[in-house]
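Notes to accompany the following structure.
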Amino acid sequence: MIRRSAPKAAQSSGPPEGELDPTKLRLVLAGERLFAQGGIDNVSLREISAAAGQGNNAAVQYHFGSKEGLIVALTRFRVAQMEEPRRRMLERAETLGRLKDIFTLVEILCLPQLDLVDETGQHPYAQFMSQYISRYRPRGLPHGSDFATPGSVHVRRLAQLICKRIDFVPPHVACSRLELCNLMFNNALVRFDNEQLLQRDQVSFEVIVHDTIELAAAALCVPMRGDCAKTYSVSSWLETTAATLKADSEEIQDDPPDAGRDQASI
(Lines give C-alpha, C1' and ligand atoms only; values in the text may rest on other atoms or scores of the structure.)
Protein backbone atom coordinates (compact mmCIF):
# COMPACT_ATOMS: atom_id res chain seq x y z
CA MET A 1 0.00 0.00 0.00
CA ILE A 2 1.16 3.52 -0.78
CA ARG A 3 -0.62 6.82 -0.46
CA ARG A 4 -2.36 8.24 -3.53
CA SER A 5 -0.50 11.54 -3.35
CA ALA A 6 2.79 9.89 -2.33
CA PRO A 7 3.56 12.28 0.56
CA LYS A 8 6.74 12.29 2.57
CA ALA A 9 7.06 9.02 4.46
CA ALA A 10 5.71 8.98 7.98
CA GLN A 11 8.22 8.62 10.77
CA SER A 12 8.07 5.93 13.40
CA SER A 13 8.75 5.71 17.09
CA GLY A 14 8.73 2.90 19.64
CA PRO A 15 9.71 -0.75 19.21
CA PRO A 16 9.88 -2.48 15.82
CA GLU A 17 6.45 -3.27 14.41
CA GLY A 18 7.03 -7.02 14.45
CA GLU A 19 7.98 -7.06 18.14
CA LEU A 20 4.79 -6.15 19.99
CA ASP A 21 4.68 -6.91 23.68
CA PRO A 22 2.32 -9.79 24.65
CA THR A 23 -0.59 -7.56 25.63
CA LYS A 24 -0.47 -5.47 22.47
CA LEU A 25 -0.08 -8.60 20.37
CA ARG A 26 -3.21 -10.15 21.90
CA LEU A 27 -5.15 -6.95 21.25
CA VAL A 28 -3.93 -6.69 17.65
CA LEU A 29 -4.79 -10.32 16.84
CA ALA A 30 -8.17 -10.09 18.59
CA GLY A 31 -8.93 -6.93 16.66
CA GLU A 32 -7.96 -8.53 13.35
CA ARG A 33 -10.14 -11.58 14.05
CA LEU A 34 -13.19 -9.56 15.12
CA PHE A 35 -12.79 -7.05 12.29
CA ALA A 36 -12.75 -9.96 9.84
CA GLN A 37 -15.79 -11.62 11.38
CA GLY A 38 -18.04 -8.68 12.15
CA GLY A 39 -16.72 -5.73 10.16
CA ILE A 40 -14.44 -2.94 11.33
CA ASP A 41 -17.29 -0.49 11.90
CA ASN A 42 -19.38 -2.98 13.87
CA VAL A 43 -16.81 -4.09 16.46
CA SER A 44 -16.46 -2.12 19.69
CA LEU A 45 -13.21 -1.55 21.55
CA ARG A 46 -14.80 -3.20 24.60
CA GLU A 47 -15.38 -6.38 22.55
CA ILE A 48 -11.76 -6.39 21.39
CA SER A 49 -10.47 -5.98 24.94
CA ALA A 50 -12.67 -8.83 26.14
CA ALA A 51 -11.62 -11.12 23.28
CA ALA A 52 -7.98 -10.41 24.13
CA GLY A 53 -8.58 -11.46 27.74
CA GLN A 54 -8.12 -7.98 29.16
CA GLY A 55 -9.92 -7.10 32.37
CA ASN A 56 -9.66 -3.41 31.50
CA ASN A 57 -12.36 -2.51 28.99
CA ALA A 58 -10.30 0.50 27.94
CA ALA A 59 -7.21 -1.58 27.08
CA VAL A 60 -7.30 -0.61 23.39
CA GLN A 61 -7.46 3.09 24.20
CA TYR A 62 -4.66 2.69 26.74
CA HIS A 63 -2.28 0.94 24.35
CA PHE A 64 -3.29 2.37 20.94
CA GLY A 65 -5.35 5.49 21.66
CA SER A 66 -8.32 4.59 19.44
CA LYS A 67 -9.69 2.09 16.97
CA GLU A 68 -7.79 3.90 14.22
CA GLY A 69 -4.59 3.56 16.22
CA LEU A 70 -5.22 -0.18 16.55
CA ILE A 71 -5.80 -0.48 12.80
CA VAL A 72 -2.52 1.27 12.02
CA ALA A 73 -0.67 -0.94 14.52
CA LEU A 74 -2.23 -4.04 12.92
CA THR A 75 -1.09 -3.08 9.42
CA ARG A 76 2.42 -2.23 10.65
CA PHE A 77 2.63 -5.57 12.45
CA ARG A 78 1.56 -7.55 9.37
CA VAL A 79 3.76 -5.56 6.98
CA ALA A 80 6.76 -6.27 9.21
CA GLN A 81 5.87 -9.98 9.25
CA MET A 82 5.94 -10.08 5.44
CA GLU A 83 9.25 -8.24 5.14
CA GLU A 84 11.57 -11.27 5.32
CA PRO A 85 9.70 -13.29 2.66
CA ARG A 86 9.64 -10.25 0.40
CA ARG A 87 13.36 -9.65 0.97
CA ARG A 88 14.17 -13.20 -0.10
CA MET A 89 11.87 -12.99 -3.11
CA LEU A 90 13.32 -9.65 -4.23
CA GLU A 91 16.84 -11.02 -3.93
CA ARG A 92 15.93 -14.07 -6.01
CA ALA A 93 14.18 -11.93 -8.63
CA GLU A 94 17.22 -9.66 -8.83
CA THR A 95 19.54 -12.64 -9.29
CA LEU A 96 17.33 -13.91 -12.11
CA GLY A 97 17.09 -10.47 -13.72
CA ARG A 98 13.31 -10.30 -13.24
CA LEU A 99 12.88 -7.06 -11.30
CA LYS A 100 11.22 -5.50 -14.36
CA ASP A 101 8.82 -8.39 -14.85
CA ILE A 102 5.42 -7.20 -13.64
CA PHE A 103 4.07 -10.70 -12.94
CA THR A 104 7.07 -11.43 -10.70
CA LEU A 105 6.62 -8.14 -8.86
CA VAL A 106 2.93 -8.81 -8.24
CA GLU A 107 3.79 -12.29 -6.98
CA ILE A 108 6.18 -10.71 -4.46
CA LEU A 109 3.43 -8.30 -3.42
CA CYS A 110 0.73 -10.93 -2.99
CA LEU A 111 2.19 -14.33 -2.10
CA PRO A 112 3.45 -13.47 1.43
CA GLN A 113 -0.16 -12.79 2.39
CA LEU A 114 -0.95 -16.49 1.93
CA ASP A 115 0.91 -17.29 5.15
CA LEU A 116 -1.26 -14.95 7.24
CA VAL A 117 -3.83 -17.56 8.24
CA ASP A 118 -5.64 -18.42 11.47
CA GLU A 119 -5.95 -21.80 13.16
CA THR A 120 -8.71 -22.83 10.72
CA GLY A 121 -6.74 -21.92 7.60
CA GLN A 122 -8.82 -18.80 6.91
CA HIS A 123 -7.31 -15.44 5.94
CA PRO A 124 -8.56 -12.86 8.46
CA TYR A 125 -5.99 -10.27 7.40
CA ALA A 126 -7.31 -10.44 3.83
CA GLN A 127 -10.85 -9.93 5.13
CA PHE A 128 -9.67 -6.97 7.19
CA MET A 129 -7.70 -5.48 4.28
CA SER A 130 -10.70 -5.70 1.95
CA GLN A 131 -12.56 -3.43 4.36
CA TYR A 132 -9.59 -1.18 5.07
CA ILE A 133 -8.80 -0.48 1.39
CA SER A 134 -12.45 0.18 0.57
CA ARG A 135 -13.43 2.30 3.59
CA TYR A 136 -10.52 3.46 5.73
CA ARG A 137 -7.81 4.07 3.15
CA PRO A 138 -9.95 6.63 1.30
CA ARG A 139 -10.38 8.47 4.61
CA GLY A 140 -6.60 8.91 4.83
CA LEU A 141 -5.85 6.37 7.56
CA PRO A 142 -2.18 5.35 7.16
CA HIS A 143 -1.08 1.84 6.28
CA GLY A 144 2.02 0.16 7.69
CA SER A 145 3.88 0.59 4.40
CA ASP A 146 3.51 4.38 4.65
CA PHE A 147 6.05 4.44 7.49
CA ALA A 148 9.73 4.52 6.53
CA THR A 149 10.99 2.01 9.08
CA PRO A 150 13.09 -1.18 9.11
CA GLY A 151 9.78 -3.04 9.07
CA SER A 152 8.75 -1.69 5.67
CA VAL A 153 11.98 -1.40 3.64
CA HIS A 154 11.25 -4.16 1.16
CA VAL A 155 7.56 -3.50 0.59
CA ARG A 156 8.38 0.15 -0.09
CA ARG A 157 11.10 -0.87 -2.55
CA LEU A 158 8.62 -3.23 -4.20
CA ALA A 159 6.04 -0.45 -4.58
CA GLN A 160 8.69 1.75 -6.19
CA LEU A 161 9.66 -1.00 -8.63
CA ILE A 162 6.03 -1.54 -9.63
CA CYS A 163 5.39 2.18 -10.09
CA LYS A 164 8.58 2.50 -12.16
CA ARG A 165 7.41 -0.40 -14.33
CA ILE A 166 4.14 1.44 -15.09
CA ASP A 167 5.63 4.93 -15.31
CA PHE A 168 3.58 5.56 -18.47
CA VAL A 169 0.68 6.51 -16.18
CA PRO A 170 0.70 9.45 -13.72
CA PRO A 171 1.99 8.63 -10.21
CA HIS A 172 -1.42 9.04 -8.55
CA VAL A 173 -2.93 6.61 -11.08
CA ALA A 174 -0.12 4.12 -10.44
CA CYS A 175 -0.84 4.32 -6.70
CA SER A 176 -4.56 3.82 -7.28
CA ARG A 177 -3.93 0.81 -9.53
CA LEU A 178 -1.64 -0.76 -6.96
CA GLU A 179 -4.24 -0.41 -4.20
CA LEU A 180 -7.02 -1.79 -6.41
CA CYS A 181 -4.90 -4.78 -7.44
CA ASN A 182 -4.15 -5.48 -3.78
CA LEU A 183 -7.88 -5.27 -3.11
CA MET A 184 -8.52 -7.73 -5.94
CA PHE A 185 -6.14 -10.29 -4.45
CA ASN A 186 -7.51 -9.91 -0.93
CA ASN A 187 -11.07 -10.29 -2.21
CA ALA A 188 -10.07 -13.47 -4.04
CA LEU A 189 -8.81 -14.95 -0.75
CA VAL A 190 -11.97 -13.89 1.09
CA ARG A 191 -14.20 -15.39 -1.58
CA PHE A 192 -12.27 -18.67 -1.49
CA ASP A 193 -12.56 -18.82 2.31
CA ASN A 194 -16.31 -18.23 2.14
CA GLU A 195 -16.80 -20.89 -0.51
CA GLN A 196 -14.88 -23.35 1.67
CA LEU A 197 -17.16 -22.62 4.61
CA LEU A 198 -20.19 -23.31 2.42
CA GLN A 199 -18.51 -26.47 1.08
CA ARG A 200 -19.25 -25.40 -2.47
CA ASP A 201 -17.51 -26.83 -5.51
CA GLN A 202 -14.86 -24.34 -6.51
CA VAL A 203 -11.79 -23.71 -8.57
CA SER A 204 -8.64 -24.91 -6.83
CA PHE A 205 -6.83 -22.50 -4.54
CA GLU A 206 -3.71 -22.67 -6.71
CA VAL A 207 -5.64 -21.70 -9.83
CA ILE A 208 -7.38 -18.82 -8.05
CA VAL A 209 -4.08 -17.43 -6.74
CA HIS A 210 -2.28 -17.72 -10.07
CA ASP A 211 -5.17 -16.33 -12.12
CA THR A 212 -5.76 -13.40 -9.77
CA ILE A 213 -2.08 -12.45 -9.93
CA GLU A 214 -2.28 -12.67 -13.74
CA LEU A 215 -5.32 -10.38 -13.71
CA ALA A 216 -3.65 -7.90 -11.36
CA ALA A 217 -0.44 -7.81 -13.42
CA ALA A 218 -2.42 -7.23 -16.61
CA ALA A 219 -4.56 -4.53 -15.00
CA LEU A 220 -1.51 -2.64 -13.77
CA CYS A 221 -0.09 -2.45 -17.29
CA VAL A 222 -3.19 -1.38 -19.23
CA PRO A 223 -2.54 1.89 -21.13
CA MET A 224 -4.74 4.84 -20.29
CA ARG A 225 -7.28 5.52 -23.04
CA GLY A 226 -9.28 8.62 -23.90
CA ASP A 227 -10.04 11.59 -21.70
CA CYS A 228 -9.71 10.41 -18.09
CA ALA A 229 -10.98 13.77 -16.82
CA LYS A 230 -14.42 13.42 -18.38
CA THR A 231 -17.48 12.54 -16.34
CA TYR A 232 -18.61 8.95 -16.77
CA SER A 233 -22.28 7.96 -16.75
CA VAL A 234 -24.63 5.88 -18.87
CA SER A 235 -26.02 9.00 -20.57
CA SER A 236 -22.58 10.43 -21.36
CA TRP A 237 -21.46 7.05 -22.71
CA LEU A 238 -24.51 6.82 -24.96
CA GLU A 239 -23.91 10.36 -26.25
CA THR A 240 -20.25 9.63 -26.95
CA THR A 241 -20.92 6.37 -28.75
CA ALA A 242 -23.75 7.96 -30.76
CA ALA A 243 -21.33 10.63 -31.95
CA THR A 244 -18.78 7.96 -32.81
CA LEU A 245 -21.33 5.97 -34.80
CA LYS A 246 -22.38 9.09 -36.70
CA ALA A 247 -18.79 9.96 -37.53
CA ASP A 248 -18.08 6.40 -38.69
CA SER A 249 -21.21 6.41 -40.85
CA GLU A 250 -20.27 9.70 -42.52
CA GLU A 251 -16.76 8.40 -43.19
CA ILE A 252 -18.14 5.28 -44.89
CA GLN A 253 -20.47 7.38 -47.09
CA ASP A 254 -17.58 9.62 -48.12
CA ASP A 255 -15.46 6.61 -49.04
CA PRO A 256 -17.66 3.99 -50.84
CA PRO A 257 -16.20 0.51 -51.14
CA ASP A 258 -14.36 -0.54 -54.28
CA ALA A 259 -16.72 -2.63 -56.40
CA GLY A 260 -13.92 -4.96 -57.33
CA ARG A 261 -12.79 -5.60 -53.76
CA ASP A 262 -12.76 -9.21 -52.63
CA GLN A 263 -15.44 -9.63 -49.92
CA ALA A 264 -13.25 -12.10 -48.00
CA SER A 265 -10.50 -9.53 -47.53
CA ILE A 266 -12.66 -7.21 -45.38
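The values are calculated or read from the model by the stated rules, or taken from the named source; none is laboratory data. Quantities reported herein were computed from a predicted structural model and do not represent experimental measurements. Please note: Cβ atoms are built from the backbone with ideal geometry, for glycine as well, and neighbour counts cover all protein chains shown.
Numbers for the structure displayed
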| item | result |
| --- | --- |
| Residue match in segment 152-174 (condition: touching a Ser or Thr at 6+ places or on another chain (Cβ under 8 Å) and assigned to a loop (DSSP other than H, G, I, E, B)) | yes |
| Residue among GLU94, GLU83 that alone is in contact (Cβ under 8 Å) with a residue 60 or more places away in the chain and of a type in the set (D, E, K, R) | GLU83 |
| Residue identified as touching a residue at least 12 places away in the same chain (Cβ under 8 Å), surrounded by 15 or more Cβ atoms within 10 Å (Cβ to Cβ), outside any loop (DSSP other than H, G, I, E, B) and within 21 Å of the chain's Cα centre (by Cα) among LEU99, LEU105, LEU141 | LEU105 |
| Index of the failed condition, MET129 passing every other in (1) of a type in the set (A, V, I, L, M); (2) crowded, with 21+ Cβ neighbours inside 10 Å; (3) touching a residue at least 60 places away in the same chain (Cβ under 8 Å) | (3) |
| Every pair of residues 6+ apart whose Cβ atoms lie under 8 Å, when the first sits in segment 198-220 and is under 17 Å from ASN186 (Cβ atoms) and hydrophobic (A, V, I, L, M, F, W, C) while the second is at pLDDT 95 or above and part of a loop (DSSP other than H, G, I, E, B) | LEU220/ILE166 |
| Top-ranked residue of segment 144-190 - restricted to ones that are surrounded by 20 or more Cβ atoms within 10 Å (Cβ to Cβ) and small (Gly, Ala, Ser), ranked as farthest from THR120 (Cα to Cα) | ALA174 |
